[in-house]
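Colleague: Pasting a structure below so you can have a look.
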Amino acid sequence: MSTVTQGGPSLPQERRVVTEIPGPKSREMFARKQAAVPPGIGTTLPVFVTHAGGGVVVDADGNSLIDFGSGIAVTNAGNAAPRVVERVQRQVANFTHTCFMITPYESYVRVAEKLNELTPGDHDKRTFLLNSGAEAVENAVKVARHATGRQAVVVFDHGYHGRTLLTMSLTAKNMPYKQGFGPFAPEVYRVPLAYPFRWPSGPENCAEEAAAQAIDQINKQIGAENVAAVLIEPIAGEGGFIEPAKGFLPRIAEFCKTNGIVFIADEVQTGFARTGHLFACEDEGVVPDIIVTAKGIAGGLPLAAVTGRAEILDRVHVGGLGGTYGGNPLACEAALGVLETIEADDLVGRARRIGEVMLPRLRAIAEKTPIVGDVRGRGAMIAIELVVPGTKEPHPTAAGEIAKRCHAEGLLVLTAGTYGNVLRFLPPLVMPDHLLEEGLAILEKVISEI
């Protein structure tokens, strides 16, 4: 059995179920959680983790679960990846904080330089660092409004951008993200997304018709001259891993360019090798004016970034950007370790390999299982959409039951989707092949039982 180094003892890369899941120790801790933490902080699987790495998470009861979640696309380069651990341990002994706006440090600058180099486009860029994806999205919108002198922001059906006031306003799905939390921020407008599986006239017409409808709504209902930014996820994450029909993103980007609108790509979930490209925009050669990143950037330490055209970001006055913890030195070192790991271990290629294994297996399951309506995704960002057999009616009950049974078998999977009927798979890019195959076998078994 292969192992993975976790900055200490090696962690066996095996599925091991020694108690019911969750086990007694996890149930005890979950009771404490319920007494100490508000119920609004939900839990997908109430096992309390003690170790994680490679393709597994190990809980307090000694169960070792196959990880098809990566902390929601955060541990792309592995949990406690050796290069990350080494850099963070060295940094924490030197200093933990000075505030980059007070007395700066080199690691922040190095992260900015790397993102300016690696993100799509060869134009002059600037990067500043923040704490979370939502904070980065807010700042990207803020910069776009400042640079253009306009107020309107256009977003898309099924989009998810965060839980703060503005990012809730930008997010499409009401429950659980927006319910009861209004009123929301003004000057936010929503247009159709090219959703091939659910496009009324079929996937072959989806890109052209969706783009035409979106552009028509912008022109008629807002006025292109009033739009500061168009914000989109290159693959809609929480909305159900919806990959817009080919041609849709380039058409929207070109409309933005023609009308002086800042095109913002929210790559919080798709970035850092997850989709088989370093950034998902690269699949169709789309070059955003601003790209927002977080999640996989620092292997689990809180870090996010806004990277954009210098002529846009340089317009903001001194003091207009920043934050106390943004670009924390520990998180910056972690990010440098993640970028080193992606390059040294060819995690872009590894993501493609994971997709080459998963997609055919899942499509084979779909062919013999009418409950699976669609299989989609790129690289190691894969999903299946569950429907009532013989229809396209969403089947969230089936998604929840399949997830529950997978968890009991020792396979961690996540649900998603506007209708709650999507199973999404985000294995760490360092997951060994035998665990990937074993996880797929469990999934096939569970779906056949449903």
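Colleague: In nm, to one decimal, how far is the Met29 label point from the His317 one, both placed 7 Å along Cα→Cβ?
Modeller: Taking the two extended label points, one gets 4.9 nm.
Colleague: For an R0 of 51 angstrom, estimate the FRET efficiency from the Cβ-Cβ distance between Glu449 and Tyr325 and round to the nearest 0.05.
Modeller: Approximately 0.65, to the nearest 0.05.
Colleague: Further question: Let a ≥ b ≥ c be the square roots of the eigenvalues of the Cα gyration tensor of the range 144-218; is it rounded (a/c under 1.5), or, if not, prolate (a/b larger than b/c) or oblate?
Modeller: Note, shape of the range 144-218 comes out oblate.
Colleague: Sticking with this one: Antiparallel versus total DSSP beta bridges in the chain: what percent is that, nearest 5?
Modeller: In the chain, approximately 70 percent of DSSP beta bridges are antiparallel ones.
Colleague: Can you tell me which aspartates and glutamates have their Cα less than 12 Å from the Cα of Lys392? Leave out same-chain residues fewer than eight positions away.
Modeller: Asp374
Colleague: Nearest 0.05, what FRET efficiency do Ser201 and Ala93 give at R0 = 51 Å with Cβ-Cβ as r?
Modeller: Calculated value: 0.25.
Colleague: May I pose another question? If we count other beta carbons within 10 Å of each Cβ, what is the order of Asp345, Asp67, Asp314, fewest first?
Modeller: Ordered from fewest to most neighbouring Cβ atoms within 10 Å, Asp345, Asp67, Asp314 come out as Asp314, Asp345, Asp67.
Colleague: Using the Cα centre as the reference, give the magnitude of the dipole from point charges on the C-beta atoms of the range 84-344 (Lys, Arg: +1; Asp, Glu: -1; all else neutral), rounded to the nearest 20 debye.
Modeller: Computed charge dipole of the range 84-344: roughly 720 debye.
Colleague: Take every DSSP beta bridge with both residues inside the range 84-344 and express the antiparallel ones as a percent of the total, to the nearest 5.
Modeller: Beta bridges within the range 84-344, antiparallel portion: roughly 45 percent.
Colleague: What Rg and what Dmax come out for the range 191-262 when only alpha-carbon atoms are used, in angstroms?
Modeller: Values for the range 191-262 (Cα only, Rg and Dmax): 12.1, 32 Å.
Colleague: Something else now. Mind telling me which of Gly299, Gly55, Gly319 comes out most flexible in a GNM of the chain, alpha-carbon contacts under 10 Å?
Modeller: Gly319
Colleague: So for Arg315, Arg32, fewest C-beta neighbours within 10 Å to most, what's the order?
Modeller: Arg32, Arg315
Colleague: For a label point 7 Å from the Cα of Asp346 along Cα→C-beta, name the residues of the range 365-385 whose backbone N is under 17 Å from it.
Modeller: Under 17 Å, as judged by backbone N against the label point of Asp346, lie 379-380 of the range 365-385.
Colleague: If each residue's Cβ is checked for other Cβ atoms within 10 Å, how do Met381, Met431 rank with the fewest at the top?
Modeller: Met431, Met381
Colleague: For the range 290-430, what class follows from the C-alpha gyration tensor (a ≥ b ≥ c being the square roots of its eigenvalues): rounded when a/c is under 1.5, otherwise prolate if a/b is larger than b/c, else oblate?
Modeller: Verdict is prolate for the range 290-430.
Colleague: Averaged over every viewing direction, what's the projected area of the C-alpha convex hull for the chain? Give it in nm², one decimal, please.
Modeller: Averaged projected hull area, Cα only: 21.2 nm².
Colleague: Is the C-alpha gyration tensor of the range 1-144 telling us rounded, prolate or oblate? Criteria: a/c under 1.5 is rounded; beyond that, a/b larger than b/c is prolate, otherwise oblate.
Modeller: Because a/c hits 1.5 or more and a/b exceeds b/c, the range 1-144 counts as prolate.
Colleague: Where both residues lie in the range 187-309, what percent of DSSP beta bridges are antiparallel, nearest 5?
Modeller: 40 percent
Colleague: Work out from phi, with θ = phi - 60° and the Karplus expression 6.51 cos²θ - 1.76 cosθ + 1.60, the ³J(HN,Hα) of each residue of the range 105-112, listed in order in whole Hz, and give x for Gly and Pro.
Modeller: For the range 105-112, the Karplus curve yields 8, 5, 4, 4, 4, 5, 4, 4 Hz.
Colleague: If the only charges are +1 at each Lys and Arg Cβ and -1 at each Asp and Glu Cβ, what is the size of the charge dipole of the chain around the Cα centre, to the nearest 20 debye?
Modeller: For this selection, approximately 840 debye.
Colleague: Just list whichever of Lys178/Lys246; Lys114/Lys173; Lys125/Lys257; Lys368/Lys404; Lys33/Lys445; Lys114/Lys142 have alpha carbons separated by over 28 Å in the model shown.
Modeller: Lys178/Lys246; Lys114/Lys173; Lys33/Lys445
Colleague: Residues with amide H under 5 Å of Leu426's amide H, sequence separation 5 or more or different chain, H placed in the peptide plane at 1.01 Å from N; which?
Modeller: Residues meeting the criterion, in which the H sits 1.01 Å from N, are Gly69.
Colleague: Once phi is turned into ³J(HN,Hα) by the Karplus curve 6.51 cos²θ - 1.76 cosθ + 1.60 with θ = phi - 60°, what whole-Hz value does each residue of the range 439-447 show in order, with x for glycine and proline?
Modeller: x, 5, 5, 4, 4, 4, 4, 5, 5
Colleague: Where the Cα atoms of the range 84-344 are projected onto their three principal axes, how long is each span, largest first, in whole Å?
Modeller: Principal axes ranked by extent give 59, 41, 38 Å for the Cα atoms.
Colleague: May I ask you to evaluate 6.51 cos²θ - 1.76 cosθ + 1.60, the Karplus curve with θ = phi - 60°, for each residue of the range 269-278 and list the ³J(HN,Hα) values in order in whole Hz, giving x for glycine and proline?
Modeller: 8, 8, x, 6, 6, 4, 9, x, 10, 4
Each value in this text was obtained by applying a stated rule to the coordinates, not by laboratory testing. Remember, predicted model here, so these are calculated numbers, not experimental data. Don't worry about glycine lacking a Cβ; one is built from the backbone with ideal geometry, like all the others, and counts go over all protein chains shown.
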